[in-house]
1. For segment 500-518, give me the residue count where each residue is buried (at least 17 other Cβ atoms within 10 Å of the Cβ) and either over 19 Å from THR450 (Cβ atoms) or in contact (Cβ under 8 Å) with a residue 60 or more places away in the chain (or both).
2. Working only within segment 540-559, note down all residues that are touching a Gly at 6+ places or on another chain (Cβ under 9 Å) and modelled with pLDDT under 75.
3. Would you be able to tell me the number of residues in segment 489-499 that are of a type outside the set (Val, Ile, Thr) and either touching a residue at least 60 places away in the same chain (Cβ under 8 Å) or assigned to a helix (DSSP H, G or I) (or both)?
4. Just checking, how many residues over segment 106-151 are aromatic (Phe, Trp, Tyr) and exposed (fewer than 13 other Cβ atoms within 10 Å of the Cβ)?
5. Residues that are in contact with a strand residue (DSSP E or B) (Cβ under 6 Å, 6 or more places away or on another chain), of a type in the set (D, E, K, R), over 26 Å from LEU177 (Cα atoms) and assigned to a loop (DSSP other than H, G, I, E, B): does segment 335-351 have at least one?
6. Just checking, which of LYS409, LYS362 is surrounded by 22 or more Cβ atoms within 10 Å (Cβ to Cβ) and either out of contact with any Cys (no Cβ under 6 Å at 6 or more places or on another chain) or of a type in the set (Lys, Arg) (or both)?
7. Determine which member of the set SER558, SER578 is in contact with a strand residue (DSSP E or B) (Cβ under 8 Å, 6 or more places away or on another chain), small (Gly, Ala, Ser) and within 19 Å of LYS395 (Cβ to Cβ).
8. Quick check on my filter: what residues within segment 87-112 are within 26 Å of ALA16 (Cα to Cα) and free of Cβ contacts under 8 Å to residues at least 60 places away in the same chain?
Amino acid sequence: MKYFRKIIRYAGPYKAYAWLNIISNIFYALFGTLAFVSLMPMLKVLFDNSKKVTVAPTYEGISSLGDYFEDYMNFFITQKIESSGELDALLIMIGLVIGTFLLKNLFGYLAMFFITFLRNGVLKDLRNDLYKKTVNLPVAFYSEKRKGDTIARISTDVLEIQHSFLSILELIIREPLMILFTIVAMLALSVKLTIFVFIFIPVSGIIISMIGKSLKKHSDKVQQEQGFFLSILEETLGGLKIIKGFNAEKIFNEKFQQSTSRFFKFSNSLLNRQNLASPTSEFLGIVVIAILLWYGGSMVLVEKSLAPEAFIVYMGLAYNILTPAKAISKASYNVKKGNAAAERVLEILETESTIQDLPNAKVKSDFNSEITINNISFAYEDEVVLKNFSLKVPKGNTVALVGQSGSGKSTIANLLTRFYDVNEGAIEVDGLNIKNVTQKSLRALMGLVTQDSILFNDSVRGNLKVAKEDATDEEIIAALKVANAWEFVENLPKGIETNIGDSGNKLSGGQKQRLSIARAVLKNPPIMILDEATSALDTESERLVQDALEKMMLNRTSVVIAHRLSTIQNADTIVVLSKGEIVEQGKHEELLQKKGTYYNLVEMQSLA
């Protein structure tokens, strides 16, 4: 239950609905019991078995409650038969039965009506918190996790908690109250018979609980496997061109089918255990009823210590215990399943972000002098990527980082934006360590254009407004013009209102990249970080994008990570990296004259 105690706090804003549910459940249980008890006067009239009582009985305490109830009922029936006749008395008794069953079902509906707002409210808030946490966790967190697993937690696991949440409320309030009121009525009818019944109930309870012990373990396996095949699906949709292009459908089909086969096996095991609960509890209940029929029958037929109509009502009440008892056993299984889901959801909610603002972090609203990288080192787990790296980027300058793949160029972009934190050394903006600046204000100073154009399934306008929420159409069009993107956007079917598809797949690579640049232009930050922004483009697209980049970098501080060296010849400083260290530094012409690493890179790209 420790996980549910943590989830239960989400019910706080909806406690009014919880109280209304509890009140409705109290009345539901009360009228559910009275519905069976109300059959007794009707049976008395039918069997003509009511003792004539002409004087109203007096209440003499809880010990004689059964006798008082029976005498009062006989008194009421006597009065009605004498005043209206037996048929009218029977109609009144039938009306009483219908009325109690109607009230029982009315309060049952109200209980479900109120719990719906509570359940769906908890579901909404839990999903909102999970999404917020998913966005707030550092980029590094998702380099180790499968995306499909996170999707499974925010969708199916949360839904499982919602169902379990309803079960646990029934477990705590509705069904125990039904059992309690029923037992009170049974004791009022026959103490001896009730004691006999309760010798057998603990035995059946122990058997039922033994079935459910392994449910949480099996439920956890099912949910993990669901996350795994959702990951495969997400990867498949993202890499469909590669899968088709390499005729790899068979490989991915097999991988998916292996996962769904495991899911099939785990689900069967889980559901078979779960499905065993209902028939087991029903069979054990019928065994108790059978023993009750034998013992109670002897009290009616042999001992003559119990009236036939009282025994019929008693049997109804005994069976009335079975339904909530079955519901409790089913709910306890659901709670075990939900516990596994809650554990997975809380794992994300309780994960501490490794990159957090310090309590006294400053809000930096402008950039005045320079970015300084002081002797930094960084490793992804055990793999060292940067060693003793130092660099100064004065305001207004363009610094280009070049080098072979894996030399640490993109890592610097990730460290400048604090997607990752340095292991040693410090990065400063205007002499202020970026760890002492709030992440939001630091990133507000920076524009980012990545190698992969990250666009969203939205309109052109929606994609640009990510950078500036309150941007006007005029500002959006101006940014598109700077990025050489307006020429194709204005010809789209709905202009800036046109939806560009999932990841912008309705556009070409060059068009997508120009939209990414337009987004950065619209933000209008003082610092621009360009991570291999032209590496995936054809010559014509590269010319347009390069022209757009040059316009964007005017009067700005830019850190350019370059793959194509032709794009950075005019940089103020070119830094050549190899295995995480600076091997050369200078302007394009200076580095060519050295005939070192940079010269060799240029030679390889046929630009010398």
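1. Taking segment 500-518 and keeping what is buried (at least 17 other Cβ atoms within 10 Å of the Cβ), we get 500, 504, 507, 510-518.
Cutting the leftovers down to either over 19 Å from THR450 (Cβ atoms) or in contact (Cβ under 8 Å) with a residue 60 or more places away in the chain (or both) gives us 513, 515-517.
So the answer is 4.
2. GLU540, SER541, GLU542, LEU544, VAL545, MET552
3. Taking segment 489-499 first, the residues of a type outside the set (Val, Ile, Thr) are 490-495, 497, 499.
Okay, now just the ones that are also either touching a residue at least 60 places away in the same chain (Cβ under 8 Å) or assigned to a helix (DSSP H, G or I) (or both), so 495, 497.
The qualifying residues number 2.
4. First pass over segment 106-151, keeping only residues aromatic (Phe, Trp, Tyr): 107, 109, 113-114, 117, 131, 141-142.
Next, from what is left, pick out any that are exposed (fewer than 13 other Cβ atoms within 10 Å of the Cβ): 109, 131, 142.
Number satisfying all stated conditions: 3.
5. First, pick out the residues of segment 335-351 that are in contact with a strand residue (DSSP E or B) (Cβ under 6 Å, 6 or more places away or on another chain): none.
No; the residues of segment 335-351 include none that is in contact with a strand residue (DSSP E or B) (Cβ under 6 Å, 6 or more places away or on another chain), of a type in the set (D, E, K, R), over 26 Å from LEU177 (Cα atoms) and assigned to a loop (DSSP other than H, G, I, E, B).
6. Numbers: LYS362 fails: surrounded by 22 or more Cβ atoms within 10 Å (Cβ to Cβ).
Selected residue: LYS409, the only one of LYS409, LYS362 that is surrounded by 22 or more Cβ atoms within 10 Å (Cβ to Cβ) and either out of contact with any Cys (no Cβ under 6 Å at 6 or more places or on another chain) or of a type in the set (Lys, Arg) (or both).
7. Numbers: SER578 fails: within 19 Å of LYS395 (Cβ to Cβ).
None of the others qualify; the one that does is SER558.
8. Residues of segment 87-112 that are within 26 Å of ALA16 (Cα to Cα), as a first pass: 102-112.
Of everything in segment 87-112, those that are within 26 Å of ALA16 (Cα to Cα) and free of Cβ contacts under 8 Å to residues at least 60 places away in the same chain turn out to be LEU102, ASN105, LEU106, TYR109, MET112.
The values are calculated or read from the model by the stated rules, or taken from the named source; none is laboratory data. All of these numbers come straight from a predicted model, not from anything done at the bench. In this analysis, Cβ positions are derived from the backbone assuming ideal geometry, glycine residues included, and neighbour counts consider all displayed protein chains.
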